[in-house]
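K.L.:
This is the structure I want to talk about, given as C-alpha cells.
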Amino acid sequence: MSHTRENPRVVVIGAGIVGCSLADELTARGWTDVTVLEQGPLPAPGGSTSHAPGLVFRTSPSKTLAEFAKYTVEKFSSLQVDGVPCFDPVGGLELATTPERLAELHRRAGYAASWGIRGEIVGPARCKELWPLIDESIVLGGFHTPDDGLARALLAARAQMERAITRGARFLDRHTVTGIERQDGRVTGVVTDRGTFPADHVVSAAGFWGPVIGRMAGVDVPLQPLAHQYARTRPLPELSGASAEATRPILRFQDRDLYFREHADRIGIGSYAHRPLPVDPFAVLPYDEARARDMDMPSSYPFTEEDWAPSWEDCRALMPALRASEIEEGFNGVFSFTPDGMPVLGEARELRGFWLAEAVWVTHSAGVAKAVAEWMVNGRPSLDLHECDHTRFEEAQRSPSYVRERGSQQFVEVYDVIHPLQPMEQPRPLRVSPFYARQQQLGAYFLEGGGWERPHWYEANASLVDALGPLPERDAWSARHWSPIAAAEARATREKVALYDMTPLRRLEVTGPGALDFLDRMTTNNLRKKPGAVTYTLLLDDSGGIRSDLTVARLAPDRFQVGANSPADLDWLTRHAPDDVQIRDITSGTCCIGVWGPAARALVQPLTREDFSHEGFGYFRAKQAHLGHVPVTAMRLSYVGELGWELYTSADLGLRLWDTLWEAGQELGVIAAGRSAFNSLRLEKGYRAWGTDMTDEHSPYEAGLGFAVRLDKEFTGRGALSPDITRRLTPLLLDDPAAVVLSKEPVYVDGAPAGYVTSASYGYTLGRCVAYAWLPAGLATGTGVHIEYFGEKVPATVAEEPLFDPKMTRIRR
Ligand code: FAD
Ligand code: THG
C-alpha cells in the first residue's frame, strides 16, 4: 500500500499560514515529498493570512489552544526573513472598564497561571503607562501578558515555506484544486486546473474555503466564514516619529468588542461589535476576478461604514487622541468560525488519508501544524486534541443551518464573559429525551450538552431545600446556573431514591463473532466473562494515553453494549474493527434512566418478576427484565455511588418507563434529580469524567485508574505503560466549608503554580467543596495547597480517596 511507504506523497491544499507551517513541520519529520497547492499568487495568495494583523494573545480557557499559541510564539520567535523577526514580543494588555470584566480578567489570569503563561493584573495607572493614548479614567484595571505580541503572519508563512523547500517540499501557486480523487475509501490524488497530483495523504489547509474542498472529498467541514472589520487610522501626531512597527502591547477592549495594535504612527483597530456578516464560501471570487472588481483580494470585502460607526465612537472614548483623527482605510476580512470556536482537525471519518487543518487562527497555527504533522507521521499527536478533533460533532451538529447559526453566535460571543456552564441559546431544543415533557412539568432547569437538553435541577424539588439547614452563601459567579435545589436532590439521592435522565450517555452496540476478541484487545480490563457481566475498562492509544473510559456489558456471547463518552469513541473503535465485528451507535433510538438511592430496590423489585436482590443481581451485572409493560436492559452500577440501576429501553417506551418508575416511587419519596447533583455525587465518589479530568495526555496510573488495567493480557497501549508517575490526578478538599471553585483554576504548592483544577463541585454530603487537580505525584495526604479563585488564594488540603463510602457499603448491599 502506497500510503504506508516510508516517505509518502503528501499534498497540502492552501499556502496560508497553516499550509506553510504544516509543510515545515512535515518535512522536519522526514516526510519530504510534500506538494503545497495554492490557487492565488505566492507569497501573498489572498486568504485570511494575507491581511491578518497578527495579534497573538495566548491565554484561553482551553489548555490545548494555549499550548498551540505558546508553540507558535516560540517558533515564530526563532524565524526571520531578511533580518526581520517573525514575532515581535510587544506584550499583550486586556482592559476592564466594568467590574464584571475585571473579574473575568482575574479568571483569565488564573488560566494563564494554569497553563504556564506569564501575566499579571495591573491597575489603571500601569495600563496608562503601557498605552499612553488611553483615557485611564474609564479603566478599572488590566491583564498584562509581557510575552504575547505580534506575529508577522505573511513573513512567518514565507520563512516556513522557504525552509520546507530546502528540505524538498514544493509550492505551486496559481493551481486551483477542483477535485479529490479516491479509491476504496482512500484518497489517491488531487485534481487542479493544471493537472492531477497523485497523493497518499491530502491535507485541507484551505482556511475558510474548507467546506468547498470538503465537498469535493465528500467530507463535512463544519465551519462558517464570517467577515470581520479591520481599519487603520491616519497617522497620529502623538505617534509621529515612530520608527518601529509597534512598541506598545497589543490591546484588547473586550467590553466594546475591539482590539488595537500599532502600525508605526497609525493605529489598527479590529471590531467584533458589528452584526454577523456570513459569507458563502462557495461564492467567493477567484483571485483575479476579485482584483478586477476592485477588491484587494478574495478574502477582503469592501468596508461597510455603517457597521463601523458605533465602534468608532467607542474607540474615541478609549483613546481621546482619535477624536482628531479619521479612518484612512478599512476592510471586511473573512475568516472561519466553528460551532464551538475550536479548530477542526484530524483524518476525515469519511475518507482515509484526507486530513483537515481548518478554522485555525494565526495565533494557533504553528501549534496546530505541529500536532497535525505528529498525528500524520507518528499516528498520534503529543497534545490532547479532543476539543479539536473533527469527530467531536454529533450528527445533529453537522447541518449547514446549525453550523451557520452557531458560527455566527461564536462571532458575537468572541469576547463575551462566558460562564463554564453557560448554554448556547440557539438552536434549542435540538435533542430531547423521551422524558422531556415530564421534565418540563417538573420545572427542569435545562442546560445543553452535545445538542441534548439536560436537566440540571428541578424546581419541583424546591420545597426540599428548607429541610437542609443553611447552605453556604455563593459568590455571584459560582451561583450562576446553580441552585440550592441541587443540594436537596443530592441529599434525596443519598437518603431515598432519585431518577436521573442518563439518555445522553453514549451507547454503542458491538456485535459479531469477533466482538469479544476485538473489545478485549482494544481495552485494558478483563472482558472474558460470562454474559451478564459489566466491566469498567479503558481505551488507550498506542502510547498508553487514555482515549476514553468505558463500561462494557456482555449481553450475549456475541453482543455487547458499550457505555462510552464522545463520538470519537465510535470513530476509534470503527477504525480498528475487523470485518466480523459490527458497531452501531444506539444512543438516539434508546433512552436510559438511572434509579439510584437506598430505596432503589424497593422501587424496582415490585415491578418485575426478575430477582433484583443483592444475591440475585450483583454489582456490575446486567439483566433483561420487564418493568411493568416495559422491556429493559438493567445494569447494576452507579456513577453517583448509590445502590441502583441504569435502566435502558427503546425511545418509544421511554415515557412509559419514566411514568412506571415515578408512580411506583411515590410512597418512597422518589424525586427527579439533575446533573448538578449528579456531578457533586460523582466527585464525592471520585469517579473521573473523561475529557475533563483525564485525556490521552494521561496514563491510567497517573489518573488513578490503574485498577482497571490488567497487565496479564495484551491490549493496545500496554507496551507503553509504566507504573512510575510524576503527576497525579489529586483529590483536594477546600478547607473553608463555604468556599467553592469551579474548574481550570491554578493550584499553588509552596506558593508556586504546580497544576490546575479539572473538576470541582460542592460535596453536599461531605460539607466541603471537592476539587480534582493535576499536581506533582507524591504530595502526601494532608498537604496544604492554595487554589486561586478570582485572584484570591483559597486554602485546600490533599485528601485520601475515596472521599465518600470507601468500603462501598452503600452500593454493594
Ligand atoms: P488562509 O490564509 O485563508 O489560507 C488558505 C489558502 O487556501 C488560501 O491562500 C487560499 O487561496 C487557498 N485555497 C483555498 N481554496 C483553494 C483551492 N481550491 N485550490 C488551491 N488553493 C486554495 N488571527 C490571529 O491569530 N490574530 C489576529 O489578530 C487575527 N486578526 C484577523 C483579522 C482579520 C481582519 C481577519 C480576516 C482574520 C484575522 N485572524 C487573526 C484570523 C487569521 O487570519 C486566520 O485564522 C488565518 O490566517 C487562517 O489561516 P489559514 O492558513 O487557515 O487560511
Ligand atoms: N454508565 C455507563 N457507562 C459509562 C458511564 C456510566 N461509560 C462512560 C463513563 N460513564 C464511564 N465512567 C465511569 C466511571 C466510574 C464507574 C463507572 C463508569 C464506576 N466505577 C466503580 C469504581 O471506580 O469503584 C467500579 C469500578 C469497577 O468495579 O471496576 O462505577 O455512567 N453505563
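K.L.:
Scan the range 242-291 residue by residue and report those that are free of Cβ contacts under 8 Å to residues at least 60 places away in the same chain, small (Gly, Ala, Ser) and part of a helix (DSSP H, G or I).
P.N.:
The one that is free of Cβ contacts under 8 Å to residues at least 60 places away in the same chain, small (Gly, Ala, Ser) and part of a helix (DSSP H, G or I): ALA283.
K.L.:
Go through the range 535-606 and tell me which strands (runs of 3 or more DSSP E), entirely inside it, have 2 or more residues that are more than 11 Å from ligand 2 (Cβ to nearest atom) and either open to solvent by less than 10 Å² (accessible area, probe 1.4 Å) or at pLDDT below 95 (or both). Quick ask: steps written out before the conclusion?
P.N.:
Numbers: elements: 546-556, 559-564, 582-585, 590-596.
In the range 535-606, 590-596 are the strands (runs of 3 or more DSSP E) which contain 2 or more residues that are more than 11 Å from ligand 2 (Cβ to nearest atom) and either open to solvent by less than 10 Å² (accessible area, probe 1.4 Å) or at pLDDT below 95 (or both).
K.L.:
Residues in the range 27-41 that are part of a loop (DSSP other than H, G, I, E, B), at negative phi and either more than 9 Å from ligand 1 (Cβ to nearest atom) or in contact with a Cys (Cβ under 6 Å, 6 or more places away or on another chain) (or both): how many? Even if it seems obvious, please write down each step before you answer.
P.N.:
Going residue by residue through the range 27-41, those that are part of a loop (DSSP other than H, G, I, E, B) are 29-33, 38-41.
Those left that are additionally at negative phi: 29, 31-33, 38-41.
If we keep only those that are either more than 9 Å from ligand 1 (Cβ to nearest atom) or in contact with a Cys (Cβ under 6 Å, 6 or more places away or on another chain) (or both) too, we end up with 29, 31-33, 41.
Count: 5.
K.L.:
Further question: Could you please find all residues in the range 429-464 being touching an Asp or Glu at 6+ places or on another chain (Cβ under 6 Å) and open to solvent by 50 Å² or more (accessible area, probe 1.4 Å)?
P.N.:
PRO429, VAL432
K.L.:
Quick one: what pairs do we get from the range 663-683, first residue in contact (Cβ under 8 Å) with a residue 60 or more places away in the chain and open to solvent by less than 10 Å² (accessible area, probe 1.4 Å), second hydroxyl-bearing (Ser, Thr, Tyr) and assigned to a helix (DSSP H, G or I), C-beta under 8 Å, 6+ apart or different chains?
P.N.:
Taking only residues 6 or more apart or on different chains, the pairs are ALA673/THR493; ALA677/THR493; LEU681/THR493.
K.L.:
Could you pull out the residue among GLU374, GLU358, GLU394 that is among the acidic types (Asp, Glu) and either open to solvent by 30 Å² or more (accessible area, probe 1.4 Å) or in contact with a strand residue (DSSP E or B) (Cβ under 7 Å, 6 or more places away or on another chain) (or both)? Step through it out loud before you land on a result.
P.N.:
Numbers: GLU374 fails: either open to solvent by 30 Å² or more (accessible area, probe 1.4 Å) or in contact with a strand residue (DSSP E or B) (Cβ under 7 Å, 6 or more places away or on another chain) (or both); GLU394 fails: either open to solvent by 30 Å² or more (accessible area, probe 1.4 Å) or in contact with a strand residue (DSSP E or B) (Cβ under 7 Å, 6 or more places away or on another chain) (or both).
Every option except GLU358 fails the conditions.
So that you can scan it fast, the table gives a plain yes or no per residue for (1) open to solvent by less than 60 Å² (accessible area, probe 1.4 Å); (2) within 14 Å of ligand 1 (Cβ to nearest atom):
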{"residue": "ALA231", "(1), (2)": "yes, yes"}
{"residue": "SER240", "(1), (2)": "no, no"}
{"residue": "SER243", "(1), (2)": "no, no"}
{"residue": "ALA246", "(1), (2)": "yes, yes"}
{"residue": "PRO249", "(1), (2)": "yes, yes"}
{"residue": "ARG256", "(1), (2)": "no, no"}
{"residue": "ARG261", "(1), (2)": "yes, yes"}
{"residue": "ALA264", "(1), (2)": "yes, no"}
{"residue": "GLY268", "(1), (2)": "yes, yes"}
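K.L.:
Something else: Scanning the range 439-468 for residues that are touching a residue at least 40 places away in the same chain (Cβ under 8 Å) and in a loop (DSSP other than H, G, I, E, B), which turns out nearest to the chain's Cα centre (by Cα)?
P.N.:
Among residues in the range 439-468 that are touching a residue at least 40 places away in the same chain (Cβ under 8 Å) and in a loop (DSSP other than H, G, I, E, B), the one nearest to the chain's Cα centre (by Cα) is GLY450.
K.L.:
Pick from VAL785, VAL770, VAL757, VAL794: which is β-branched (Val, Ile, Thr), in contact with a Gly (Cβ under 8 Å, 6 or more places away or on another chain) and in a strand (DSSP E or B)?
P.N.:
Going through VAL785, VAL770, VAL757, VAL794 in turn, the sole match is VAL770.
K.L.:
Restricting to the range 687-714, count the residues that are touching a residue at least 40 places away in the same chain (Cβ under 8 Å), near ligand 2 (Cβ under 8 Å from one of its atoms) and open to solvent by 10 Å² or more (accessible area, probe 1.4 Å).
P.N.:
Residues that pass the stated criteria total 4.
K.L.:
Here are some residues: PRO45, PRO8. Which one is more than 30 Å from the chain's Cα centre (by Cα) and closer than 17 Å to TRP355 by Cα?
P.N.:
None of the others qualify; the one that does is PRO8.
K.L.:
Could you tell me whether any residue of the range 617-627 is surrounded by 16 or more Cβ atoms within 10 Å (Cβ to Cβ), hydroxyl-bearing (Ser, Thr, Tyr) and at pLDDT 95 or above?
P.N.:
The answer is no; no qualifying residue exists.
K.L.:
Which members of the range 91-143 meet the condition of being under 22 Å from ARG266 (Cα atoms) and open to solvent by 10 Å² or more (accessible area, probe 1.4 Å)?
P.N.:
Of everything in the range 91-143, those that are under 22 Å from ARG266 (Cα atoms) and open to solvent by 10 Å² or more (accessible area, probe 1.4 Å) turn out to be LYS128, GLU129, LEU130, PRO132, LEU133, ASP135, GLU136.
K.L.:
On the given criteria, is LEU22 more than 12 Å from ALA151 (Cα to Cα), open to solvent by less than 30 Å² (accessible area, probe 1.4 Å) and in contact (Cβ under 8 Å) with a residue 12 or more places away in the chain? Working first, answer last.
P.N.:
Values: more than 12 Å from ALA151 (Cα to Cα): yes; open to solvent by less than 30 Å² (accessible area, probe 1.4 Å): yes; in contact (Cβ under 8 Å) with a residue 12 or more places away in the chain: yes.
Yes.
K.L.:
Being open to solvent by less than 20 Å² (accessible area, probe 1.4 Å) and of a type in the set (Val, Ile, Thr) is the filter; apply it to the range 750-780 and report the residue that is nearest to the chain's Cα centre (by Cα).
P.N.:
Per the stated criteria, the residue is THR758.
K.L.:
Test ASP294 against the stated conditions and say whether it is part of a loop (DSSP other than H, G, I, E, B), open to solvent by 40 Å² or more (accessible area, probe 1.4 Å) and out of contact with any Phe, Trp or Tyr (no Cβ under 9 Å at 6 or more places or on another chain).
P.N.:
yes
K.L.:
Could you run through the range 5-26 and say how many residues are part of a loop (DSSP other than H, G, I, E, B) and within 9 Å of ligand 1 (Cβ to nearest atom)?
P.N.:
Matching residues across the range 5-26 total 3.
K.L.:
So which residues in the range 340-361 are modelled with pLDDT of 95 or more and away from ligand 1 (no atom under 16 Å from the Cβ), if there are any at all?
P.N.:
Initially, the range 340-361 is screened for residues modelled with pLDDT of 95 or more, giving 340-348, 351-361.
Residues satisfying the conditions are GLU347, ALA348, LEU351, ARG352, GLY353.
K.L.:
Oh, and also: With respect to ARG9, determine if the residue is more than 30 Å from PHE253 (Cα to Cα), at pLDDT 95 or above, out of contact with any helix residue (DSSP H, G or I) (no Cβ under 6 Å at 6 or more places or on another chain) and open to solvent by 10 Å² or more (accessible area, probe 1.4 Å).
P.N.:
Here the answer is yes, as ARG9 does meet what is asked.
K.L.:
Next up: Name the residue, out of ILE134, ILE138, ILE213, ILE121, that is under 25 Å from GLU25 (Cβ atoms) and β-branched (Val, Ile, Thr).
P.N.:
Step by step, each of ILE134, ILE138, ILE213, ILE121 is checked, and only ILE213 is under 25 Å from GLU25 (Cβ atoms) and β-branched (Val, Ile, Thr).
The values are calculated or read from the model by the stated rules, or taken from the named source; none is laboratory data. Just so it is clear, the model here is predicted, and its values are computed rather than measured. No Cβ is skipped: glycine too gets one built from the backbone with ideal geometry, and neighbour counts run over all protein chains shown. The area values use the complete protein model at the heavy-atom level, side chains included, leaving out ligands, DNA and RNA. Shrake-Rupley method; radii C 1.70, N 1.55, O 1.52, S 1.80 Å.
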